[in-house]
Amino acid sequence: MAHMITLKMKIEDAARAIRARLGDREPEIGLVLGSGLNGFAERIQDAETISYHSVPHMHASTATGHEGRFVCGTVAGKCVLAMQGRLHGYEGNSAQDVAFPIWTMSELGVHTLITTNAAGAINPDFKVGDFCLMSDHINFTGRNPIAECDVDEVAFRFFSMYDAYDPELRALAHQVADELGVSVCEGVYLGLLGPSFETPAEIRAFRTWGADTVAMSVCEEVIAARHVGIRVLGISLVSNMACGVNEASPSDMEVMEVADMRKEDFSHLIEGIVARL
């Protein structure tokens, strides 16, 4: 009988391959750079880049503007491991495929994750171009990366999602934003599978649930991070108003344009937060 490769073994294989490329670098902070926000990786100093294709058991990224590689180096004096482009369910990836790089980060020693994305605003008080800290999430993807048979080898499968988005990290982000003069809001994020944008009726329903922003990523990553005890800070760039809010009809092009306009403030915010960790 062929030997079965378990999830734990796959994570160890991936971490071993990445570690072989990192030399003496020991990342403690993980970054997931979302749609339109990949450019921050160019600010990482003394960087080593590792294509997802070269990491065992890792899937490639196919989303628009996602480079599909790890970038490890220094930000504000701290060693970070950034995902320059994430994996999405709408690309054909399973929930475990999406979670896999987060588990691998943990295996490499990462203890804090800053996950970022572009999101639509359900809350009509939010404005395009705002940065929104995630206070909580609603996972409406219909998927959970822990709902598999061999996750207990990685960490115990039953764990609390209370304060999944760390209150101390959110307070730190508010403080840094205030010092920089960058306006941030805070709200509940709702994650969907995508890739089609939501209907106006869906957005009206999500508003009654208490959701403030919506997009097609993050939730599965955060579940995986909390599974292995990684602290999480989530930051959305409000790239558009959600479908039907103020007659909005979102487009991918709008997302990229807004991200480009806000890239400097985004970079200063991330650098300021990392410097304090």
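With respect to the conditions (1) crowded, with 20+ Cβ neighbours inside 10 Å; (2) among the small types (Gly, Ala, Ser); (3) out of contact with any Ser or Thr (no Cβ under 6 Å at 6 or more places or on another chain), Gly85 falls short on a single one, namely (3). Scanning the range 116-123 turns up one or more residues that are part of a loop (DSSP other than H, G, I, E, B) and either touching a residue at least 40 places away in the same chain (Cβ under 8 Å) or more than 28 Å from Gly210 (Cβ to Cβ) (or both). Of Ile18, Ile44, Ile29, all but one fail to be of a type in the set (Val, Ile, Thr), farther than 23 Å from His268 by Cα, surrounded by 20 or more Cβ atoms within 10 Å (Cβ to Cβ) and modelled with pLDDT of 90 or more; the exception is Ile18.
Any residue at all in the range 259-270 that's assigned to a loop (DSSP other than H, G, I, E, B) and either modelled with pLDDT under 95 or out of contact with any helix residue (DSSP H, G or I) (no Cβ under 9 Å at 6 or more places or on another chain) (or both)? So that I can check it myself, show each step before the final result.
From the range 259-270, those assigned to a loop (DSSP other than H, G, I, E, B) are 262; that's our starting set.
Still in the list and also either modelled with pLDDT under 95 or out of contact with any helix residue (DSSP H, G or I) (no Cβ under 9 Å at 6 or more places or on another chain) (or both): 262.
Yes; the residues of the range 259-270 include at least one that is assigned to a loop (DSSP other than H, G, I, E, B) and either modelled with pLDDT under 95 or out of contact with any helix residue (DSSP H, G or I) (no Cβ under 9 Å at 6 or more places or on another chain) (or both).
Taken over the range 6-64, the residue count meeting the criterion of being in a strand (DSSP E or B) and among the small types (Gly, Ala, Ser) is 3. Answer with yes or no whether Gly23 is surrounded by fewer than 19 Cβ atoms within 10 Å (Cβ to Cβ) and more than 18 Å from the chain's Cα centre (by Cα). Yes: the conditions hold for Gly23.
Here Thr6, Thr74 are screened, and the one residue that is more than 21 Å from Met256 (Cα to Cα), in contact with a helix residue (DSSP H, G or I) (Cβ under 7 Å, 6 or more places away or on another chain), surrounded by fewer than 22 Cβ atoms within 10 Å (Cβ to Cβ) and hydroxyl-bearing (Ser, Thr, Tyr) is Thr6.
Inside the range 85-96, residues that are charged (D, E, K, R) and closer than 13 Å to Val218 by Cα make up a count of 1. Of the set (1) closer than 30 Å to Gly244 by Cα; (2) free of Cβ contacts under 8 Å to residues at least 24 places away in the same chain, all apply to Phe156 but (1). For first residues located in the range 25-49 and charged (D, E, K, R), partners that are part of a helix (DSSP H, G or I) and lie 6+ apart or on another chain with Cβ distances below 7 Å form the pairs Arg43/Ser267; Glu48/Arg21; Glu48/Leu22.
Is at least one residue of the range 129-151 charged (D, E, K, R), more than 15 Å from the chain's Cα centre (by Cα) and under 22 Å from Ser267 (Cα atoms)? Yes, the conditions are met somewhere in the range 129-151.
Name the strands (runs of 3 or more DSSP E) wholly within the range 145-249 that hold at least 2 residues that are in contact with a helix residue (DSSP H, G or I) (Cβ under 7 Å, 6 or more places away or on another chain) and not hydroxyl-bearing (Ser, Thr, Tyr)? Give the steps one after another, and end with the answer.
Values: elements: 184-191, 213-215, 231-241.
Result: 184-191, 231-241.
Per the conditions (1) closer than 19 Å to Ile11 by Cα; (2) of a type in the set (Gly, Ala, Ser); (3) over 16 Å from the mean Cα position of the chain (by Cα), the sole criterion not satisfied by Ala99 is (3). Evaluated against (1) in contact with a Cys (Cβ under 6 Å, 6 or more places away or on another chain); (2) without any contact (Cβ under 8 Å) to a residue 24 or more places away in the chain, Thr213 falls short on exactly one condition, (2). Quick one: in the range 195-216, which of the residues that are out of contact with any Leu (no Cβ under 9 Å at 6 or more places or on another chain), surrounded by 15 or more Cβ atoms within 10 Å (Cβ to Cβ) and closer than 26 Å to Gly92 by Cβ is modelled with the lowest pLDDT? Top of the filtered list is Phe197.
Residues in the range 141-171 that are aromatic (Phe, Trp, Tyr) and surrounded by fewer than 18 Cβ atoms within 10 Å (Cβ to Cβ): Phe156, Phe158, Phe159, Tyr162.
The values are calculated or read from the model by the stated rules, or taken from the named source; none is laboratory data. Just so it is clear, the structure is predicted and the values come from calculations on it, not from any experiment. In this analysis, Cβ positions are derived from the backbone assuming ideal geometry, glycine residues included, and neighbour counts consider all displayed protein chains.
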